[in-house]
Structure formats: structure tokens, C-alpha cells
Protein chains: 2
Amino acid sequence: MANDLPPKEEFSDWYNELLFQAEIMDVRYPAKGVYVWFPFGYDLRNNVYDRLKSLHDESGHDEVDFPVLIPEGILAKEGEHIAGFEDEVFWVTHGGRKELDERMALRPTSETPMYTMFDLWIRSHTDLPLKIYQVANIWRSETEHTRPLIRLREITGFKEAHTAHATPEGAEEQVETALSLYEEFYDFLGVPHVVTERPEWDKFPGAEYTYAVDTLMPDGKALQIGTAHNLGQNFAEAFDVEFETQDGEQDHVYQTSYGVSERCIAAVMGVHGDDNGLVLPSEVAPTQVAVVPIPFGDEDENAEIMETCEKIVDELNDAGIRAELDDSEDNPGAKYYKWELKGTPLRAEVGPRDLESGSAKLVNRLGDEAEAGFDTVVKDVREELDALSEEIRETAADDLDASVVECETYDEARDVVDEGFALVGWNGDEDAGKRIEDEVGVDMLGEPRGYGVGDTAIETCIETGDDAKKIVLLANTY
Amino acid sequence: MANDLPPKEEFSDWYNELLFQAEIMDVRYPAKGVYVWFPFGYDLRNNVYDRLKSLHDESGHDEVDFPVLIPEGILAKEGEHIAGFEDEVFWVTHGGRKELDERMALRPTSETPMYTMFDLWIRSHTDLPLKIYQVANIWRSETEHTRPLIRLREITGFKEAHTAHATPEGAEEQVETALSLYEEFYDFLGVPHVVTERPEWDKFPGAEYTYAVDTLMPDGKALQIGTAHNLGQNFAEAFDVEFETQDGEQDHVYQTSYGVSERCIAAVMGVHGDDNGLVLPSEVAPTQVAVVPIPFGDEDENAEIMETCEKIVDELNDAGIRAELDDSEDNPGAKYYKWELKGTPLRAEVGPRDLESGSAKLVNRLGDEAEAGFDTVVKDVREELDALSEEIRETAADDLDASVVECETYDEARDVVDEGFALVGWNGDEDAGKRIEDEVGVDMLGEPRGYGVGDTAIETCIETGDDAKKIVLLANTY
């Protein structure tokens, strides 16, 4: 018996089937781009978001909760911002049978409601820096093809952080802090990534500049899995967020915002998964160890096998390892496929021979075998869990490294972007940049952070032949 | 210097000021019935909801997340249900500039989206019982006076659980389980409560019967802080949720739903608070111990005081007690008022005399003093935290007990409901019941669970003089 998942090469089918079979999300909810989290999926999500939240807590952000409903007048305060969102905002127009006096948007992001309150919260430089975040739903009226976790109308886990500072340098440094935080988060998930500065025409509406974090999905497309914006004083001016400086002057605050959505879960699925299902880093797997009795002995042996399994589960749980006894009536083969499908890092088997040897057989999600002595089970299991996480992290990182290819010609670039990222030269001119996108038929992700002309063999702009002013990444995108 | 909170007797003003001064919610968000959680308030909320969630996890509920957006066709499937909500549902009618093909409701509660999926999830008796819950926002287009945490348009912490069973008894027992769970939750918060079966005309739209949990607020009004509904097969029939029984027959499932909202936070504030601010049970206080240095010695002594305070904070934190050093520049008096306002259970002071005695002075939120030896600080502090929780629990329980008064006449009842609950006889007839409500000018909460005729001296219906068939509670309500 094997699972009936399509091979991962057929990525789109594989992804949709895996979401359903592994019980992450149910796509059958009868509204476009709106899905239901299954218990298993939500458990995974909680493990991932707990880390994302603790990273924010530890770096001095306070958690808050702001309203979903945004009166139109507030959303419209910053001109570029509303222009960027007006085609995709959902509007609430009626309460019961009555039309509302002022219609309200379902938040597409929280700059406008938050900065309305910043105006009230911030009086003096002693109130700065202000650093808050929330994890909440946001909505976009997507007209394109929707896809669970990736392109949705109802986004159910948008982590957005917003900060205000007394100086432009404070805001610039905070963008760097945000990117470090995201690097740490994605390292934790074993999701390799590139960080680029988005070109002018693709920055966040209302921002001075935007950095984005992208990873590579198995179909060769870049998935944007985080953004960080330096908002300068644009919103502060629109929302009148002033403070008294140390010298007694009035100034507008300097702001940043940065966000990550449940695309981080899609990245974990896409980057690590294989033909047999999910492959999860030990740190976030809802079940880290499935303990499977192999009752192929006589009656006494089988009772001892079951007892041993229960003892192992208890010991692991007591040590903070999420272990589960699989005493279902399925045959061992069916059990293996089920735990594999769900990405369980380790399976521990106990049969008659294991009783004799005094150790359980461990099989990790990649098929590698090891032993856990009954007396050293916590230590042995922990080592194997750590080793597996390390291995999938390294494999994924190597894959990404290999997929970034320097290209001197459009033909090369067109080839490369079928499977990865093309690195090309650009003279920095917007028209030339957009022509590059058109010629290759992709998006310009932008200039990789800390990487420029001179770090590669590329010397000229791929479009004009001028000296390259920037080295930029091109990719197909979601 | 004292705080400038109105006295608790002026409950409405006290409540609104306390929400703001203690930094629980900011009411200045410019939309009716929609508020912002401050960091401190959200921290308190997280502590309260962590317990509510773990109670559900431990009793076999799986956490899920269902959509906010409900297509109109789904919401309208159960006739009584939609009739009960149609005056207060917010409608999303537009996405960007386009009108939607079908308008969508912001969920007022999740029976309809969840049972749409139950139809797909449940096939056989082996899928039952199914027990899920979520904590999420819901919306009601309230036209009445709104009030933070109590009557809102955007409810930000609705815990709703939904279950399906193979038998009517299964559903009945689950309602009892739900009520036990809520009793445990409110005991944890030290919030005394009465559980009653709501009269027929006040049950949940679509339910067979509804139990509710109420507490008493300082203004003499009952605050409904939890409900549990036996839905019978009403929704299962409307949503076609059938299963195959053990005998191979098809039957509709028997369902329950039960919910608690952020009113649980309002209850904690109202029941325990005093003229000086919040009084929080130790278990949920964001800061359990404020450690305050009293630097009234010479330079060496003051350095030692500060060092001792830091050591105490570290030891307490290491032991899992949420302690905070207050090394702000405020004078000690200002510090005391601040921590009092925020309901901090314990203040630990270290001054020159305490260095000599080798112990810190502990002052609990009610003003009682104790000592914590520098060598036994964790044990001593833990004892005082537990004792404080116990004391505020008992005081609150006594207050509620004293406020339930048996009444034989309308005059008595009208007096009693100014400050508490009136217990009266009722012949069980709906018209008579509604006349009782009118005569006393209150709502009938209903029959207290496990309490009936014979448990009191009351023998007759207060309205008709007939033999009383039920003993019911009356109260002013929010």
C-alpha cells in the first residue's frame, strides 16, 4: 500500500492534494479564496506562529489587537496607500437591514487604524520607539486564481509589526532588525531565502522603500514570504503623528512596518515536502515521534511490547517531546504511510526483537534508521530529531544556492527562470527595468541585500549594454 | 498623590476610566462599538484565554479556524437562526469597486459555516463525537449603547465550541460537560456565577434549550458570561449532517454549541476591582510581583538594594513567577499607585531596613503585609500569591451568595433587583412569565440548575398565585 499523492514534480496537484490529505486546510468551503483550518493544520500553524510571536516578544515588541473594521475616511487618509488598495478592499455597507452612514473596509493591512491611534499615543520622544505587533486576519478581494495559504481572500494569520521612531536612522535600523528577525524565523523553519530591495514600482504603497524575503517553490517560482517597509514620515504626515523632540521642537515620527503571512506554512510544505507527503522540521511538527507497537510475538511478549511503548511515550512527553502512541487497528504499513504523510520526523517501533535488544528502532522521515536504548530514549530521540532538522535545513539551503544563476543574455535568463532565480545586470533605469521584466517574462525581485556589482562577473546591463549599476534577481512569482 | 479614578460605586464611570487608565482598551477608535486592545490588556487577555483554551484542549476539543466570511445562502439555511440574527448581521457587498455576486455576512457566530463542513466531515458513527473550538472575532451590528468588552460591534475574543454526537444523550451530556468546564474556568478567575436554563423566549435561535452562566456586576446587573446550547437535530437537518449508525441506518447528528466572549475580562474587572483600580487573581495578572527598590540608604547600601532587587526578580522569573523590577524614576508613592491601578497582586519592597533583616517587605493588592526572606523568596511569594487569589475568590463568592434573595411579592422583587438577583415562584406559563418580567421591569434569567420548588420557602407563582412549578431568578441585565 502506498499513499495516492501525485508526485511532487506535479507541484500544483501535489500541493492541493497534500493540503487535504495531510489535513492542513479544507478547500471545500463554498466561497472563493476562503478556507478552513483542520485541527492538524492549526496545530502546525500554532507551533510556527508561537516562534514568530516569541521572536517579536523577545525583541521588545508589544502584542496588541486592532479592529478589523476601518471607516472609509481613515483608510483614505494616505493617498498612495488607498490608491494601492482600492481595487481589492472588501466593503461592509449594511448592518442588519440598514445601510451604514459610512461604509467600512475589512482591513487589508493595519497602517491606517494603527496610525490613527499612534496620533493619540505618541506625545514625546520618551514615548519612542514604539514597537507593536498583532497576528490577525486581513482580506483582499483577489480576482485572480486563489490558492490556499498563498493567494487568498481571507488571510487568517497575518503577523504585522509597526514601529515609530524619533529619527530616520531609527527607522532604517528597525528595518534591518526586522529582516534579521525574519532570517532567524526562516532559519528556524529551515526555509532558505533571498532578501532583496524591491524596485521602485513594486514597493509597498506609501513606503520609502521595501525589502522582501523570497523563497523558491518546487515549480521554480519565487514565493514572497515577508516584507519590511521604511515608511519614512509619509504616514506620520497623513495621520498627524507628531512628537516633541529632546530640543522641544515638534517633528513627525519615522515609521516602519513589516509582515509575514501564512505563506510561511506554504513555504515549509513546498520546500521540504516529498512524494510521500509533508517533511516537517522537528521544532514545528505537531507530533514529533510516533511510537508504533509491532505486536508480532506471543501474548506475553505483545503485552510487554505495548507496555514498553506506553512507557516510551510517557518518558518522551515528560521530557517535553511531543510523542504519540499509535495503537490504532491499522496494520503497520498503513501506520507508516499515515505518519509519513503528516511529516512526522521520527517513528519508533518496538517489536519482539527490540525487546531482546533493549532498544527501539527509530526511522526518521527521510528513511534513515537508528536505535534508541530503552534506558536512553529521551537523549537518543532528541539527537535524532535535531539531526533530521539539520539535514533538511542543509538540503534546502543547497538547493536554493544552486538555483541562483548569473545570466549575461536574455536566452540564458529565460532558461534559468524556469527553475530558479536569474541574476542579471541592470543600469538602474526604470524603463529599462520594466523592459527586462517583459523580455524575460518575469518579475524583478530586486537587488539582493549586501550584494552588488563586483560581487559577480556581470559588468553590463542585460537590456542596454550600459555599465550595470545594480545586480538584480529575476524570477517567476506567485 | 492618589489615582484619579472615580469611586467604584459610580460603576459606569469607574469602568470606563479604569479600562483606559489601566491600559486595557482604548475606546477612542473612531467607530461605534469597536475598540483597540492596549498591550497590557492584551497580555491579561492572553493569560485568561490560555486557560480557557487549555481547558478545551484537555477535555478533548480540537482547535480549528473557520472563515469570517459567510455567503448569505449558508447563513440563511436554518430558518429560526437567520431570523434571530438578521437584524444584526454586517454585510459585505463589494470587493474593490465591484458588487459581489452574493453578499457575505461577517460571522455573528459559526454554526452555519461549521455545519456546512460537518456535512463533509462526518460519515459514520466512528467520526463521532466530533468536538472542535476556535477563538475568533465575531460581529453584531448593535444599535443600542455599546460598551467595551460587554456590548460591542466587533467582539474580538469569542471562544465557540461545537460538537456532534450519535445520540441525544450524547448531546445532553456534552452540555453538562460544557457547563462544568465553564464552572472551572470561572472558579479559576474567582468569578462567582449562577447557571440557569433560559426561558423558552430567550433561548439561542435554533436551539432546543439554552443554559447560561451569569455573574453579578457592581451596579446590580447580571452579566451573561457564557452560554451552552443543546441544538438537537435542528441544524443537522438544515445542513444535512447525516451519519451511518452502528446498525447501518442513516441518522442526523445531535449537536451542541457553547461560547464565552471577552465579557469574561469585564467580569474579572467588575467583580474584583476596587476604588484603587484592578484587582487581579494571581494566575492571570500580567505582572504578579512588582519589585520596588527603596533607595533611602547611603551609596553602598543603595547599590546593594538594587542588586538585591535584581536578584529577587531573576529568582522569581526563573521559578516561573512573572516579576518585574520597577527602576523607573517615579517616587515610591507613584509606583505604588501605578501597580495598584494595574491590579498587581504583590509588591516587594527592599530598603535599608530590609537589608538588615534579610527579607523583603511584601504588600498585597488588598494592603496586607508579609515578609519574604531573601533565602526563601520564591516559596514565600508563591504562598502570598495563592493566599491573595483565595481571598478575593472567597470575598466575591460571599458577595454573590448574599445578593440572591427569595421574594414573595413584586415590591420585594423590585427592591432586590436594584442590587442583585430575586428568586421568585412561577407557574411555568409563558404569558405569566413575560408579565413577571414586565411587572418587575427586568429579565427572567431562568431556573437555576439543580435547584427547584422545595429547595426554597416559595410555594406560589408571584404573578398568578398558582402553585409554583419553577423557581426562577430575575435580574436587571446588560
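Values quoted throughout were computed directly from the atomic coordinates according to the rules given, and no laboratory measurement underlies them. These numbers come from a predicted model, not from an experiment. Glycine gets a Cβ as well: all are built from the backbone with ideal geometry, and neighbour counts include every protein chain shown.
Search the structure for amide H atoms under 5 Å from the amide H of A:VAL279, placed 1.01 Å from N in the peptide plane, and list their residues when 5 or more places away or on another chain.
A:GLY273, A:ASP274
Can you list residues from other chains, or at least 5 along the same chain, whose modelled amide H is less than 5 Å from the amide H of B:LEU231?
For B:LEU231, whose amide H was placed from the backbone, the distant partners under 5 Å are B:GLU208, B:GLN255, B:THR256, B:SER257.
Among DSSP bridges having both ends in the protein assembly as shown, what percentage is antiparallel? Round to the nearest 5. Walk me through the numbers on the way to the answer.
Details: 141 of 173 bridges.
Close to 80 percent.
When only Cα pairs under 8 Å and 6 or more residues apart are kept, what is the percent relative contact order across segment B:289-385? Could you put the intermediate results ahead of the total?
Numbers: 144 pairs, mean separation 29.9, N = 97.
For segment B:289-385, the relative contact order is 31 percent.
If you put a point 7 Å past Cα along the Cβ direction, how far is that point for A:LYS311 from the same point in each other copy, in nm, smallest first?
4.4
Would you pull out the residues with amide H under 5 Å of A:ILE294's amide H, same chain only if 5 or more places away, H placed 1.01 Å from N?
Sorted by chain and number, the residues that satisfy this are A:VAL350, A:GLY351.
When the Kirkwood hydrodynamic radius is evaluated over all pairs of different C-alpha atoms of chain B, what value in angstrom, to one decimal, is obtained?
Working: mean 1/r = 0.0404 Å⁻¹.
One over the average 1/r among Cα pairs gives 24.7 Å for chain B.
Quick one: net charge of B:ALA178's neighbours, Cβ under 13 Å, K/R +1, D/E -1? It would help to have the intermediate numbers written out before the result.
On the way: positive: B:LYS131, B:LYS159, B:ARG449; negative: B:GLU160, B:GLU172, B:GLU173, B:GLU176, B:GLU183, B:GLU184.
It works out to a net charge of -3.
Would you please report the Å³ per residue occupied by the convex hull of the alpha carbon atoms in the protein assembly as shown? Walk me through the numbers on the way to the answer.
Working: hull volume 201.9 nm³, N = 956.
About 211 Å³ per residue, rounded to a whole number.
List the distances, in nm and shortest first, from the label point of B:SER124 to the matching label points in every other copy, placing each point 7 Å from Cα along the Cα-to-Cβ direction.
7.0
Calculate how many DSSP beta bridges within segment B:11-272 are antiparallel, expressed in % of all such bridges and rounded to the nearest 5. If you can, show how the numbers build up before the last one.
Working: 46 of 49 bridges.
Percent antiparallel among DSSP bridges in segment B:11-272 is about 95.
For segment A:202-354, place one equal point scatterer on every Cα, skip the solvent, and apply the Debye formula. What is log10 of I(q)/I(0) at q = 0.19 Å⁻¹?
Per q value, in the given order, log10 I(q)/I(0) is -1.10.
Where does each of A:THR376, A:THR227, B:THR256 land when they are ranked from fewest to most other beta-carbon atoms within 10 angstrom? Mind showing how you got there, number by number?
Details: A:THR376 12, A:THR227 23, B:THR256 27.
In order of increasing Cβ crowding within 10 Å: A:THR376, A:THR227, B:THR256.
Across peptide B:92-102, what mean number of C-beta atoms from other chains lies inside 10 Å of a residue's C-beta?
On the way: counts 10, 7, 8, 13, 11, 6, 3, 2, 5, 1, 2.
That average works out to 6.
What size of dipole, in debye to the nearest 20, comes out for segment B:11-272 about its Cα centre when the only charges are +1 on Lys and Arg C-beta atoms and -1 on Asp and Glu C-beta atoms? Intermediate values should be presented prior to the final figure.
Numbers: 21 positive and 48 negative charges, 272 e Å.
Around 1300 debye, computed over segment B:11-272.
Indicate, rounded to the nearest 5 percent, the antiparallel portion of the DSSP beta bridges found entirely in segment A:289-390. Mind dumping the intermediate values first?
Numbers: 9 of 17 bridges.
Among the beta bridges of segment A:289-390, antiparallel pairing accounts for roughly 55 percent.
Count charges around B:HIS193 for me, please; just the other residues with Cβ under 10 Å from its Cβ, Lys/Arg as +1, Asp/Glu as -1.
On the way: positive: none; negative: B:GLU183, B:ASP187, B:ASP214.
The answer is -3.
Assuming R0 = 45 Å, can you tell me the calculated FRET efficiency for the pair A:ASP415 and A:ASN317, based on Cβ-Cβ distance, to the nearest 0.05?
Working: r = 51 Å, r/R0 = 1.13.
Approximately 0.30, to the nearest 0.05.
With a 10 Å Cβ neighbour count serving as the proxy for reagent exposure, in which order, fewest first, do A:LEU400, A:LEU18 appear? Kindly include the intermediate steps, with their values, before the conclusion.
Working: A:LEU400 18, A:LEU18 23.
Sorted ascending by nearby Cβ count, the order is A:LEU400, A:LEU18.
Counting other Cβ atoms within 10 Å, keep those with at most 13, restrict to DSSP loop, and tell me which GluC sites (Glu not before Pro) in segment A:186-259 are left. Write out the running numbers ahead of the final one.
Numbers: sites: A:GLU197, A:GLU200, A:GLU208, A:GLU237, A:GLU242, A:GLU244, A:GLU249; in loops: A:GLU208, A:GLU249.
Here the sparse-neighbourhood loop sites are A:GLU249.
Given a Förster distance of 35 Å, report the FRET efficiency between B:GLU72 and A:LEU366 from their Cβ-Cβ distance, rounded to the nearest 0.05.
0.15
Can you pull the mean other chain C-beta count within 10 Å for peptide A:105-118? Walk me through the numbers on the way to the answer.
Numbers: counts 2, 6, 0, 0, 0, 0, 0, 0, 5, 1, 0, 4, 6, 0.
Averaged over the peptide's residues, the number is 2.
Could you work out, residue by residue across A:40-50, how many beta carbons of other chains sit within 10 Å of that residue's beta carbon, and then give the average as an integer? Can you show the working numbers first?
Details: counts 2, 2, 6, 3, 0, 2, 3, 0, 0, 0, 0.
That works out to 2 on average.
Kindly provide the GluC sites (Glu not before Pro) of segment A:324-402 that DSSP labels as loop, not H, G, I, E or B, and whose Cβ sees at most 15 other Cβ atoms within 10 Å.
On the way: sites: A:GLU324, A:GLU329, A:GLU340, A:GLU349, A:GLU356, A:GLU369, A:GLU371, A:GLU383, A:GLU384, A:GLU390, A:GLU391, A:GLU394; in loops: A:GLU329.
Passing sites in segment A:324-402 are A:GLU329.
Calculated FRET efficiency, A:ARG151 and A:GLU80, Cβ-Cβ r, R0 22 Å, to nearest 0.05? Numbers along the way, then the final one.
On the way: r = 23 Å, r/R0 = 1.05.
After rounding to 0.05, the efficiency reads 0.45.
Hey, for B:LYS98 with labels 7 Å out along Cα-Cβ, what do the inter-copy distances come to in nm, ordered shortest first?
The answer, with the shortest distance listed first, is 3.2 nm.
So what are the ³J(HN,Hα) numbers for segment A:374-379, from phi and the Karplus equation (6.51, -1.76, 1.60; θ = phi - 60°), rounded to whole Hz, Gly and Pro as x?
For segment A:374-379, the Karplus curve yields 4, 8, 10, 5, 5, 5 Hz.
Taking θ as phi - 60°, what are the ³J(HN,Hα) couplings along segment B:263-279 by the Karplus curve (6.51, -1.76, 1.60), each to the nearest whole Hz, with x for Gly and Pro?
4, 4, 6, 4, 5, 4, 4, x, 6, 9, x, 9, 4, 9, x, 5, 10
Can you put A:LEU55, B:LEU152, B:LEU120, A:LEU189 in order of Cβ neighbours within 10 angstrom, beginning with the fewest? Don't skip to the end; give the middle numbers.
On the way: A:LEU55 18, B:LEU152 24, B:LEU120 12, A:LEU189 27.
Ascending number of Cβ neighbours within 10 Å: B:LEU120, A:LEU55, B:LEU152, A:LEU189.
So how tilted is helix B:332-341 from the main axis of chain B? Cα-based, degrees 0 to 90, rounded to 10.
Result, in degrees: 10.
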